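Peer 1: Here it is, the structure in full.
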Amino acid sequence: MKRLVLACSLSFCMATGHSEIDGFNQSAAQFNVPEIGSGIGLIDQQKEKMIGEKVYREVQAKMPTIQNPWLEDQLFSVFSHILSQTQLQQPIGLVVINDPQINAFAVPGGLFALNLGLLNSARNMDEVAGVMSHEIAHVTQRHYSRSQEAFKGQGLLALAGILVGALVASQADGDAGAAVMLGSQAALLDKQLTYSRNQEREADRIGMQYMYASGYNPQSMADFFEVMHRATSRLSFMPDFWYTHPLTSERMSEARLRANQLPVVKPKLFNQDFDIIKWYSRVLSGQTTEQELLSVAQQNNFAAQVGLAAYYTDKHDYKAAQAALDQAKRSNSLHPLLVILQTDVYLGQNQTDLALKSVQSAAATMPEHRALNYKYAESLIRAKQLDRAKAIIQRFLRSNHRDLSGWNLMLQLTNAEPASATKTINVLRHRAEVEYWSGSDEAAIKTLLHAQRISQSNSSLSVTIKARLKQMQQERQYKI
């Protein structure tokens, strides 16, 4: 069984304890978030960002990440809403991992990730928000840096061991990864256990405050703890989330008691947006079948109809995909995911004009919608309208230079450009960015070195390449 532990929520623990509800204020909705100054710990914010980006690249290189702008943005909107309750600035981002296990993790600097297995196990978005809030609390309270300070830098060894274990396990069956992780922690376990228990309890408490302030039902955090407990009690092995977020009856009771002391938030009995996310993620992760999708879609379930269209599009069965799209459009013809899937169907059949017509209006109406505008840019590239596509892609890359989907589109665009004195140089530059943010640091540096050699006659490009090359080389040398 594959172990996907990675950096796992900054908690280096194997058990929890203490049943009292520490620090919870009886005046229900009042926050009690400790002030954690930027000077606390041995790692300052810049180094935390470097750690986060380093882990981001390792995740992209070794883990089965999903590059899907629509799904990423749906989850990131929830994540950003919760972050608005914190002082955390410009997080590195959110990564979606194609793994059926229930797992999520956070890394210093604001890198957050979750498995599709968590989405498939959750019953509503409030439960997902509870997990996100817990992870956000680990980062806002700088638990990793505080561990380093409390244990004189030995927390660094633990994080390195967890990373090694996760990366080994991602390419092997069995419990090898878990064994590496636990082995690296054994020497630190006795000293860190109490501290880590307190970190988990603090993340539960503060995370619940974050999710409540964001409008999510705090009972859902306790509900999902119980879902995980029931799921794992039937297994002969413990999934990764259990190792990194160990649950006991005391911790579950604390979560329920805290939730009960907050004003009631009316639960959402049905959320179509979450239903769409869930069915779509099942299609992307291969955790559903054509027969299951057909059965639910025939019950006039819009989310399953969208999922069925995505399923057939992925199989390149464009006739069946179009039939599923036509059925779904009777309920909501303007849903952005339907527009994206319709455009994919047209592009798959080389009907570029129809693809442009399908997505252009929606992209123009919602210029902030990354997934729609990237699909529009892809259609423009196919139609050889490269300048318009470049303007769209660059707009999003300026706000997030780690956007792998954006860099892939830039590479596709540059390859489609007519021959010129700078085409080869720019192809190499954009290929290097794709390689770098995919975790292939060495390949990216070699690609940029080649670009530098052939750009000597263009002083402006040469200076730009030299600066980026130096930056990559420095960041690659940074050790976690």
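The values are calculated or read from the model by the stated rules, or taken from the named source; none is laboratory data. These numbers were taken from a predicted model, which means no experiment stands behind them. Cβ placement follows ideal geometry from the backbone for every residue including glycine, while neighbour counts extend to all protein chains displayed. Side chains included, ligands, DNA and RNA excluded: accessible areas come from the protein's heavy atoms. Shrake-Rupley method; radii C 1.70, N 1.55, O 1.52, S 1.80 Å.
Peer 1: With no solvent and one equal point scatterer per Cα, compute the Debye intensity ratio I(q)/I(0) for the range 249-331 at 0.12, 0.22, 0.25 Å⁻¹ and report its log10, rounded to two decimals.
Peer 2: Scattering profile of the range 249-331, log10 relative to I(0): -0.48, -0.94, -1.16.
Peer 1: What's the carbon and sulfur percent of the range 390-429's accessible surface, probe 1.4 angstrom, rounded to a whole number?
Peer 2: On the way: 970 of 1860 Å².
Carbon with sulfur: 52 percent of the solvent-accessible area.
Peer 1: 7 Å from Cα along Cα→Cβ at both Glu250 and Gln67: what's the point-to-point distance in nm?
Peer 2: Spacing of the two 7 Å Cα→Cβ label points: 4.7 nm.
Peer 1: So who's got an amide H within less than 5 Å of the one on Asp99, skipping anything under 5 residues away but keeping other chains? H placed 1.01 Å off N, in plane.
Peer 2: Here the answer is Leu116, Gly117, since their amide H atoms fall under 5 Å of that of Asp99.
Peer 1: Right, another one. What full-extension length gain, to one decimal in nm, is calculated for Thr424 and Ala391 as 0.36 nm per residue of separation minus the Cα-Cα distance?
Peer 2: Here the segment from Thr424 to Ala391 would lengthen by 9.9 nm.
Peer 1: What's the extension gain from Ile454 to Arg123 if we count 0.36 nm per residue and subtract their Cα-Cα distance?
Peer 2: Contour length minus the Cα-Cα distance gives 113.7 nm.
Peer 1: Label points 7 Å out from Cα along the Cβ direction at Glu442 and Leu257: separation in nm?
Peer 2: Taking the simple label geometry, Glu442 and Leu257 are separated by 5.4 nm.
Peer 1: Just how many pairs of Lys in the range 374-480 have C-alpha atoms closer than 26 Å, counting pairs that are eight or more places apart or on different chains?
Peer 2: Lysine pairs meeting both conditions in the range 374-480 amount to 16.
Peer 1: What ³J(HN,Hα) values, in whole Hz, does the Karplus curve 6.51 cos²θ - 1.76 cosθ + 1.60 give for the range 281-293 when θ = phi - 60°, with x put for Gly and Pro?
Peer 2: Once rounded to whole Hz, the list reads 5, 5, 5, 4, 8, x, 9, 8, 10, 4, 5, 5, 4.
Peer 1: I've got another one for you. Tell me, what HN-Hα J-couplings in whole Hz come from the Karplus equation 6.51 cos²θ - 1.76 cosθ + 1.60 at θ = phi - 60° for each residue of the range 95-109, using x for Gly and Pro?
Peer 2: Taking θ as phi minus 60°, the curve returns 10, 9, 10, 7, 9, x, 6, 7, 7, 8, 8, 9, 9, x, x Hz for the range 95-109.
Peer 1: In Å and on Cα atoms, what radius of gyration and Dmax does the range 362-480 show?
Peer 2: Final numbers for Rg and Dmax: 15.0, 44 Å.
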